[in-house]
Amino acid sequence: MRVIGAVALAEHASVWFSSVVRGDGAPVTLGAGVDIQDNSVVDSQPGQPCRLGDYTSLGHAAKVHSSQVGSHVLVAMNATIMPGCTIGDGCIIAANATVPAGTVV
C-alpha cells in the first residue's frame, strides 16, 4: 500500500494491500469510512483533484483517475473511472465497467 503526495484520509478510511493513492498531480481526498480494496489505484492529474465521498467503496483492482465520486458509491471490482467524471451519491459502477472521461452519472 502506498499513499503519496497531497492525500487526505478522513476518519475510518482504509487503504488495503497493494493499493496506491497518489496525490502528486493535485490533492486527493478520501471521505469518512472510504474503503480502498486490494490492488486499487486512486490518482490525480495536474489541476484535476480527486475526491471520494463518505462511505464509498472501491472493489479489488478498481481505478479512479482525477474524478469526483459522491458518498455511498460502489465502484466494483476492476472498474475504471477515467479523468473528469462526476459520479453522484448512491451510484453503483459495475464490475469491469469503464466510465469514459468527463461522464456525469
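The values are calculated or read from the model by the stated rules, or taken from the named source; none is laboratory data. Model, not experiment: these values are computed from the prediction. Here the Cβ positions follow ideal geometry from the backbone for every residue, glycine too, while neighbour counts run over all protein chains shown. Heads up: the accessible areas ignore ligands, DNA and RNA and are worked out on the full protein's heavy atoms, side chains in. Shrake-Rupley method; radii C 1.70, N 1.55, O 1.52, S 1.80 Å.
Asp24 fulfils the conditions (1) closer than 17 Å to Ala79 by Cα; (2) acidic (Asp, Glu); (3) at pLDDT below 95 except for a single criterion, (1).
Taking strands (runs of 3 or more DSSP E) as the structural unit, those lying wholly within the range 25-73 and holding at least 2 residues that are more than 18 Å from Val105 (Cα to Cα) correspond to 41-43.
Consider Ala6 carefully, then state whether it is in contact with a Ser or Thr (Cβ under 9 Å, 6 or more places away or on another chain), assigned to a strand (DSSP E or B) and touching a residue at least 40 places away in the same chain (Cβ under 8 Å).
No, not satisfied.
Ser18 falls short on exactly one of the conditions (1) part of a strand (DSSP E or B); (2) over 20 Å from Pro100 (Cβ atoms); (3) open to solvent by 30 Å² or more (accessible area, probe 1.4 Å), and that condition is (1).
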